[in-house]
Every structure is written in structure tokens, then in C-alpha cells.
1. Out of all the residues in the stretch 88-96, is one or more farther than 13 Å from GLY40 by Cα, in contact (Cβ under 8 Å) with a residue 24 or more places away in the chain and surrounded by fewer than 19 Cβ atoms within 10 Å (Cβ to Cβ)?
2. Quick check, is GLY79 over 21 Å from SER113 (Cα atoms) and at pLDDT below 95?
3. Return yes when SER113 is under 18 Å from the mean Cα position of the chain (by Cα) and surrounded by 13 or more Cβ atoms within 10 Å (Cβ to Cβ) and no when it is not.
4. Can you tell me which condition ILE16 does not meet? The list is (1) under 15 Å from GLN105 (Cβ atoms); (2) of a type in the set (Val, Ile, Thr); (3) at pLDDT below 65, and all the others hold.
5. Specify the residue that is nearest to PRO47 (Cα to Cα); the eligible residues are those in the stretch 74-87 that are over 13 Å from the mean Cα position of the chain (by Cα) and not small (Gly, Ala, Ser).
6. Restricting attention to the stretch 62-77, which residues are surrounded by fewer than 13 Cβ atoms within 10 Å (Cβ to Cβ) and touching an Asp or Glu at 6+ places or on another chain (Cβ under 9 Å)?
Amino acid sequence: MIDVRRGLIGLGMFAILSLAACGNGPPEGSGGGGGGSDVGSKTTGAPAAKTVQETDQLQFSPTTATVKAGDVVEWDNSGSTAHNVTFDGQAGISSDTMNGGDKFQVKFTKSGSYHYVCTFHPPGMQGTVTVG
């Protein structure tokens, strides 16, 4: 009987510790899907060096943007179709679902070429930001 209780207590502790380890992902600024990474960070209300439209024709326009380190790129959902902006792994930045009229900004701090997609409309809805 005591061995059964010990086993149940041990199982309960394991379950509690396992659930405690399951958070909502990495904290802001850690390089995960949150706000920041070694490339740059999400921002709002900043003047944009480049604006990329997300269209009802399921494309980014323009598909490429070239900016300098420290510049902000803004994605503007100018249509009525929901989109998102999700960068490949190295950037670790993504938007929430963007409905018509929503905007998303990223301030780029590191030189490089960064590929992104709308995960709702693969494979054609993609683009690249080049930071010089």
C-alpha cells in the first residue's frame, strides 16, 4: 500500500513539473517567435523606411525590400484577406494574424538577407528583406 502511494505521489510530482515547464514559448527578446532576436525586433509607431503591402491577390508587394541597419520595415494588410509575416528560423520574428488594416513593423539591426512567408498562403506568398 505504501509503495502504491509513493508511486502515485511520484507520478503527481512528475505531472506538475512537466506542466510547469510548458510555458507560452520563449520570453520577449529571446529570439523565439516573440518580439526580438539577433536580427532586430518588433516595433510600433515608428517611421518606416519601406512599406510592404499584403494584398488580396495573395502576394507581398514589393516582394523584396532593401534597407540599412537600424531601419524599420512595415507590412500593411491593405486588403480584406487575413495574412501573417513569418521569418525563417534565423530571424525568429513573426506577426500575429493580420486582418485588413493591420500593420506589423520590424526594426532590423543586423546586416543580412531575411526570407519571410505568409504561412496562410504558401507557397507563393513570400518575400525577402535585405539589410545592408
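1. Yes, because at least one residue in the stretch 88-96 is farther than 13 Å from GLY40 by Cα, in contact (Cβ under 8 Å) with a residue 24 or more places away in the chain and surrounded by fewer than 19 Cβ atoms within 10 Å (Cβ to Cβ).
2. Here the answer is yes, as GLY79 does meet what is asked.
3. Spelling it out, it is not the case that SER113 is under 18 Å from the mean Cα position of the chain (by Cα) and surrounded by 13 or more Cβ atoms within 10 Å (Cβ to Cβ).
4. (1)
5. Checked the stretch 74-87; the qualifying residue nearest to PRO47 (Cα to Cα) is GLU74.
6. none
The values are calculated or read from the model by the stated rules, or taken from the named source; none is laboratory data. Quantities reported herein were computed from a predicted structural model and do not represent experimental measurements. Heads up, the Cβs are rebuilt from the backbone with ideal geometry, glycines too, and the neighbour counts pull from every protein chain shown.
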